[in-house]
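The values are calculated or read from the model by the stated rules, or taken from the named source; none is laboratory data. What you see is a predicted model, and the numbers here were worked out from it, not measured in a lab. With ideal geometry, Cβ positions are generated from the backbone for all residues, glycine too; neighbour counts draw on all protein chains shown. Each accessible area value is taken on the protein alone, full model and side chains, heavy atoms only, with ligands, DNA and RNA left out. Shrake-Rupley method; radii C 1.70, N 1.55, O 1.52, S 1.80 Å.
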Amino acid sequence: MAEFYEIKIAGCTRKLKKFPVSDKLDIAAFILFGDVEITEKSAKALLKKCPKFDVILTPEAKSIPLAYEMSRQSKKKYIVARKGVKVYMGNPIDIAERSITTQKEQHLYLGEDDVADIKGKNVLIVDDVISTGESLKAVEELTRQAGGNIVGKCAVLAEGDAKDRDDIIFLEPLPLFFKD
């Protein structure tokens, strides 16, 4: 039988299914895809906590609904750091990263049009969950290489020790589940 972790986020209660990431560690999976209510309410709550910004930058893929909704509510553009180079992405910049959920190296890319939209702008980095911070570091480096000014880094949840960071904005902590 599956185990769950119950959490309240922006007034919404959800049961997150636990999954193993190693022999000693489980995580509770928070997935925004398809959850319109929590996406809308989390976007609103995060926007109240975030500094002023010109553009949102988010890594592909799970945080895209949140970035879209924050963009819609704030009337600011959002940009997605892609996991692969697309034919329309001229002269892409590339950063390697490894997150807790992918468990292997992956790359994030920005094409020259996105770089132009970031250069000289105040950038808000948006993610669904910040855990090890590896994805966040990659998006920060993309922002620096694109010439943007990072004014804030936010997520719906801060997982594990990320809850103790003072450089991120988040709505709720999410524990890690260590096995005996």
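Regarding Thr58, is this residue free of Cβ contacts under 8 Å to residues at least 60 places away in the same chain, buried (at least 18 other Cβ atoms within 10 Å of the Cβ) and out of contact with any Ser or Thr (no Cβ under 6 Å at 6 or more places or on another chain)?
Numbers: free of Cβ contacts under 8 Å to residues at least 60 places away in the same chain: no; buried (at least 18 other Cβ atoms within 10 Å of the Cβ): yes; out of contact with any Ser or Thr (no Cβ under 6 Å at 6 or more places or on another chain): yes.
No.
Within region 114-142, being of a type outside the set (Lys, Arg), open to solvent by 10 Å² or more (accessible area, probe 1.4 Å), part of a helix (DSSP H, G or I) and over 18 Å from Leu46 (Cβ atoms) holds for Asp114, Val115, Ala116, Asp117, Glu134, Glu141. Would you mind stating whether Leu57 is modelled with pLDDT of 80 or more, part of a strand (DSSP E or B) and out of contact with any Leu (no Cβ under 6 Å at 6 or more places or on another chain)? Yes: the conditions hold for Leu57. Within region 143-172, the residues that satisfy the criterion of being open to solvent by less than 20 Å² (accessible area, probe 1.4 Å) and in contact with a Phe, Trp or Tyr (Cβ under 8 Å, 6 or more places away or on another chain) are Gly152, Cys154, Ala155, Val156, Leu157, Ala158, Ala162.
One line per residue, one yes/no per condition, for (1) outside any helix (DSSP H, G or I); (2) hydrophobic (A, V, I, L, M, F, W, C):
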{"position": "Glu6", "(1), (2)": "yes, no"}
{"position": "Arg14", "(1), (2)": "yes, no"}
{"position": "Lys18", "(1), (2)": "yes, no"}
{"position": "Asp23", "(1), (2)": "yes, no"}
{"position": "Leu32", "(1), (2)": "yes, yes"}
{"position": "Glu37", "(1), (2)": "no, no"}
{"position": "Pro51", "(1), (2)": "yes, no"}
{"position": "Arg72", "(1), (2)": "no, no"}
{"position": "Tyr78", "(1), (2)": "yes, no"}
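Do we find a residue being open to solvent by less than 10 Å² (accessible area, probe 1.4 Å) and among the hydroxyl-bearing types (Ser, Thr, Tyr) anywhere in region 20-37? Within region 20-37, not a single residue is open to solvent by less than 10 Å² (accessible area, probe 1.4 Å) and among the hydroxyl-bearing types (Ser, Thr, Tyr). Within region 146-180, the residues that satisfy the criterion of being under 22 Å from Lys52 (Cβ atoms) and touching a residue at least 40 places away in the same chain (Cβ under 8 Å) are Ala146, Gly148, Val151, Gly152, Cys154, Ala155, Val156, Ile169, Phe170, Leu171.
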